[in-house]
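A.B. asks: Please find one structure pasted underneath; my questions will follow.
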Amino acid sequence: GKVLHDLGVKFVSPSDVGQPNNLIYLNKWDFNPRGGFAYKVTDGRRPLVVRGGYSIFGYPMPLRDFNARMRQNPPTTARFTYSLANSAQTPDRLPNYGLRAAPQFIAGVNSKDVLDISQPGGITRGSFLTSYFNPRQPTSRAHEWSLTFEREIFDNTLLKFGYVGTHGSRLDMFYTYNGQPNDYVWFTTRGVPRPTGTFSGTATRVFETTTFGEIEEYRKTGWSNSQNFQIEFQRRYSKGYGFQMFYVMSNTLKAGGSGWEDDNLPSADIYLPGSVPKDEQARARFLFYRRDIDVPKHRLNWNWIADLPFGKGKAIAGGAGPILNRVIGGWQIAGQGSVTSSWWQLPNGNWSFPNPLEIYGTKYPIKDCRSGTCFDGYLYYNGYIPANRINSIDAQGRPNGVMGVPDNYRPAHSPLIPQPATPRPGDPNAPFYDSNTVFVTMKDGTQQRTTFNNALNPWQNQYRQGLANWGLNTSLFKVIPVNERVFFRLTVDFFSVLNMPGIPKTPNSTTGIIDSTFSGNGARALQFGLRLSW
């Protein structure tokens, strides 16, 4: 605390700044109504029924959101370390002291005073995060509405289809208002070098320029929207078998809503003038409103249970005696499977987009030999592969690039200064190949070299569908009665029963290559279980 006080940080109680002692006002008047209806559209033995409803759900703030941020606040951010790899802490002030001398301190023996509490780490001007909560924290809400049609089409067999929509409001979002422009924005807008010296870590910040680093306020200003269409086909367990099958198509977008790890809305002042909205809500929509990749576009799930036809009264060995029936009778098989689509994010590290994006899928198998060893894969989309590594070979005639790239390949994105297939002698750009290097003219007429980054890449928040994930798990089980009150349950579980390793479902976002040496699913696993109940 003293170190921070000496830097100019002030510590006060909640009442000193007009805040409640528990820091947050209570929401005593939350009201979450729900209503629904059911209507029989047709008569008869198997009528068509329509159901619908609207509901509001409230969600209190998770405690982890509070803890995850508050523990980083001054004065609890100090870190005390002792490392023989740190030359500032070694007796001779030279590196690698631990390789040159026997340890002076032994943990638990003479390490009591090894840490110097007068020298905390991570506490310098501009280096620490200050996070606080808006005292008005409305309860997060989810509005949900649905309309479903259902009808029994065969005995014990139901077909259901419908629509479910949701709108999340008052979701978690942070507002960060003491950031600093990146080098490109600073040089372009100010035209002077970055400050150095005592205040180098604070002088370029846009709110407080002498002491603090990032300052953020936790708010409930995020939102989400989801539209879902679903079909369900199920047979209730009867005559020895039953099943369910569900298909859901979802379109889900959000801004905020994942608590302490979520979007931090920066001040407009860290961007180029006029490039983002000044209004905070409009800026949040512009920067963050995007697809929620945790919700797949397509989901198909199914499960089933069936009696095996062995044992007394069954199709096979129906006349089995008591002993044989205990062995082969009463077995059931059940399982569940799924096919789920995936999302992958377009890269936003390059700033040139010379050609349209093309998704190839697994149309073009390639071999990636850039490491010296060739690995099988696929060119999933026309990402950026340096021109000198396309179907290239070394001086000995051995492949050392990405082999099998089709003749029609043209990268959809690239650095501003891409690597040519054959560099020109004396090319002044040669030191900057494969980079986004630019030169900014400063106020005094000098040229400042930096990396182009206006913090608004055209591909940010852009996603595409990848390959589907699928899996199948099965269980074989039976109950073995000992008497009327005691019985065993024997289970054999097969996870990833078809052992379908597959390939990774998403490509390397930069190169567009899927490395098929890695598996998209886990290997088959077998598990035995025996449970005694009484």
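A.B. asks: Return the residue satisfying two criteria in turn: it lies in the stretch 140-162 and is crowded, with 17+ Cβ neighbours inside 10 Å and hydroxyl-bearing (S, T, Y), and of such residues it is farthest from R69 (Cα to Cα).
C.D. replies: If we take residues in the stretch 140-162 being crowded, with 17+ Cβ neighbours inside 10 Å and hydroxyl-bearing (S, T, Y), then T148 is farthest from R69 (Cα to Cα).
A.B. asks: To continue, here is another question. Quick check, is W304 closer than 21 Å to Y237 by Cβ, at pLDDT 95 or above and surrounded by 17 or more Cβ atoms within 10 Å (Cβ to Cβ)?
C.D. replies: Answer is yes for this residue.
A.B. asks: OK, next. How many residues, within the stretch 368-395, are surrounded by fewer than 16 Cβ atoms within 10 Å (Cβ to Cβ) and within 29 Å of the chain's Cα centre (by Cα)?
C.D. replies: Total satisfying the criteria: 3.
A.B. asks: Let me ask another. Go through (1) among the aromatic types (F, W, Y); (2) under 30 Å from I215 (Cβ atoms); (3) open to solvent by 70 Å² or more (accessible area, probe 1.4 Å); (4) in contact (Cβ under 8 Å) with a residue 60 or more places away in the chain for F128 and report which single condition fails.
C.D. replies: It fails just one condition, (3).
A.B. asks: Are there any pairs, at least 6 apart or on different chains, whose C-beta atoms fall under 6 Å, with the first in the stretch 346-359 and open to solvent by 30 Å² or more (accessible area, probe 1.4 Å) and the second modelled with pLDDT under 95, and if so, which?
C.D. replies: Cβ pairs passing all conditions: N348/Q460.
A.B. asks: Going through the stretch 22-66 one residue at a time, which ones are loosely packed, with under 12 Cβ neighbours inside 10 Å and assigned to a strand (DSSP E or B)?
C.D. replies: Within the stretch 22-66, R34, G35, G36, F37, A38, Y39, K40 qualify.
A.B. asks: Within the stretch 308-323, how many residues turn out to be buried (at least 17 other Cβ atoms within 10 Å of the Cβ) and either acidic (D, E) or assigned to a strand (DSSP E or B) (or both)?
C.D. replies: Qualifying residue count for the region: 1.
A.B. asks: Just for the stretch 124-150: of the residues that are in a loop (DSSP other than H, G, I, E, B) and polar (S, T, N, Q), which one is nearest to V41 (Cα to Cα)?
C.D. replies: Looking at the filtered set, the residue picked out is T139.
A.B. asks: Six or more apart or on different chains, Cβ under 7 Å: which pairs go from a residue in the stretch 487-499 that's more than 13 Å from G337 (Cα to Cα) to one that's polar (S, T, N, Q) and surrounded by fewer than 14 Cβ atoms within 10 Å (Cβ to Cβ)? Could you list them?
C.D. replies: Short answer, once both residue conditions are applied: F487/S533; R489/S533; D493/Q527.
A.B. asks: If you don't mind, there's one more thing I want to ask. Here are the criteria: (1) within 23 Å of Y289 (Cβ to Cβ); (2) in contact (Cβ under 8 Å) with a residue 60 or more places away in the chain; (3) touching a strand residue (DSSP E or B) at 6+ places or on another chain (Cβ under 6 Å). Tell me which single one I215 does not satisfy.
C.D. replies: Unmet condition: (1).
A.B. asks: Restricting to the stretch 492-534, name every residue that is more than 25 Å from the chain's Cα centre (by Cα), among the polar types (S, T, N, Q) and under 25 Å from T362 (Cα atoms).
C.D. replies: N499
A.B. asks: Take the residues of the stretch 1-21 that are touching a residue at least 40 places away in the same chain (Cβ under 8 Å) and assigned to a helix (DSSP H, G or I): which is least open to solvent (accessible area, probe 1.4 Å)?
C.D. replies: L4
A.B. asks: Quick one: in the stretch 163-200, of everything that is on the phi > 0 side of the Ramachandran plot and of a type in the set (G, A, S), which residue is least open to solvent (accessible area, probe 1.4 Å)?
C.D. replies: From the stretch 163-200, those on the phi > 0 side of the Ramachandran plot are 170, 191, 197; that's our starting set.
Adding the requirement that they be of a type in the set (G, A, S) leaves 191, 197.
On the way: G191: 10, G197: 54 Å².
Taking the candidates together, the pick is G191.
A.B. asks: Hey, any hits in the stretch 331-344 for a residue that's within 29 Å of the chain's Cα centre (by Cα) and farther than 30 Å from Q234 by Cα? Show your work before the answer.
C.D. replies: Here is the first cut: in the stretch 331-344, the residues within 29 Å of the chain's Cα centre (by Cα) are 335-344.
Still in the running and farther than 30 Å from Q234 by Cα: 344.
Scanning the stretch 331-344, I find at least one residue that is within 29 Å of the chain's Cα centre (by Cα) and farther than 30 Å from Q234 by Cα, so the answer is yes.
A.B. asks: Tell me, which residue of the stretch 396-432 that is within 35 Å of the chain's Cα centre (by Cα) and among the hydrophobic types (A, V, I, L, M, F, W, C) is most open to solvent (accessible area, probe 1.4 Å)?
C.D. replies: My answer is L416.
A.B. asks: Now, a different point. Given the structure, is A88 at pLDDT 80 or above, among the aliphatic types (A, V, I, L, M) and either surrounded by 11 or more Cβ atoms within 10 Å (Cβ to Cβ) or outside any loop (DSSP other than H, G, I, E, B) (or both)?
C.D. replies: For A88, the condition - at pLDDT 80 or above, among the aliphatic types (A, V, I, L, M) and either surrounded by 11 or more Cβ atoms within 10 Å (Cβ to Cβ) or outside any loop (DSSP other than H, G, I, E, B) (or both) - is not met.
A.B. asks: Scan S238, S275, S258, S267 and give me the residue that is closer than 30 Å to L159 by Cβ and small (G, A, S).
C.D. replies: Sole residue among the options that is closer than 30 Å to L159 by Cβ and small (G, A, S): S238.
The values are calculated or read from the model by the stated rules, or taken from the named source; none is laboratory data. Predicted model, so just to flag it, every value in this text is computed and none were measured. All Cβ positions, glycine included, derive from the backbone under ideal geometry; neighbour counts span all protein chains shown. Side chains are part of the model used for accessible areas, which takes the heavy atoms of the whole protein and leaves out ligands, DNA and RNA. Shrake-Rupley method; radii C 1.70, N 1.55, O 1.52, S 1.80 Å.
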